[in-house]
Amino acid sequence: MVYHDLHAEGFDPLLPAGEIPRGADLPPDIATHCADLASADGIIIVHPNWWGMPPAILAGWADRVVRPGVAYEFVEGDSGEGVPRGLLRARWALVFTTSNTEATREQTVFGDPLERIWRDCVFGLCGVSDVRREVFRVVVTSSAAERRGWLGEVARAVSDATTG
């Protein structure tokens, strides 16, 4: 199992122009992240709901690592305006998010942008069809017992994904 803590690694979320082209010469840390993503059998993402988005460091990770030639490719003759073909070998992805918004309000007022981002805009386009997301809420008013229960739910979800 490979584990990355973007904050602890000091991951730089800014995508330099020189990294954009397919086949660009990547810094060693980005090349490592790309290799880890490409070789993963399953992917687990953990983050808070930050204004309906992943935090900037994680969005920057996606910008720099979920890239052409690693996670997806365009079919020959497509200059980038078509639908990509997914390259990830991962069979599943689990996304665990935390929120301070009650579920009914979230759905009624905001919809679920994180579901769309991870299921449709990232993993779906990269070839990962089994994408499951769990939301733990309301964090700000949660008790220690509730948080222990959430960790149990995470353990069960990971066990189900890795043995199923």
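What follows draws every value from the coordinates through simple rules; no lab data is involved. All figures in this text were calculated on a predicted structure; none of them were measured in a lab. In this analysis, Cβ positions are derived from the backbone assuming ideal geometry, glycine residues included, and neighbour counts consider all displayed protein chains.
Brief remarks follow.
- Relative contact order of the chain, pairs being alpha-carbon contacts under 8 Å that are 6 or more residues apart, as %: 23 percent
- Taken one residue at a time, the phi angles of the stretch 69-75 give Karplus couplings (6.51, -1.76, 1.60, θ = phi - 60°) of x, 10, 9, 7, 8, 9, 5 Hz. Gly and Pro are set to x.
- Residues with amide H under 5 Å from that of Y72, placed H, sequence gap 5 or more: R67, L87
- Beta bridges per DSSP, both residues in the stretch 1-108: antiparallel share near 25 percent.
- Global geometry of the stretch 41-85, whether rounded, prolate or oblate, following the gyration tensor of its Cα atoms and the 1.5 cut on a/c: prolate
- Approximating the spin labels as points 7 Å out from Cα along Cα→Cβ, the R147-to-A8 distance works out to 1.7 nm.
- Order by protection proxy (mean Cβ within 10 Å, highest first), peptides 86-93, 99-106: 86-93, 99-106
- Ranked by the mean number of other Cβ atoms within 10 Å of their residues, highest first, the peptides 108-119, 137-148 come out as 108-119, 137-148.
- W50-F110 pseudo-label distance in nm [points 7 Å out on the Cα-to-Cβ vector]: 1.4 nm
- By the beta-carbon count within 10 Å of each Cβ, the least crowded to most crowded order of I20, I57, fewest first, is I20, I57.
- Computed FRET value (nearest 0.05) for A103 with E81, which takes r as the C-beta separation and R₀ as 45 Å: 0.75
- Remark on G42: its backbone amide H falls under 5 Å from those of R91, a criterion applied only to residues 5 or more positions apart or on other chains, H modelled at 1.01 Å from N.
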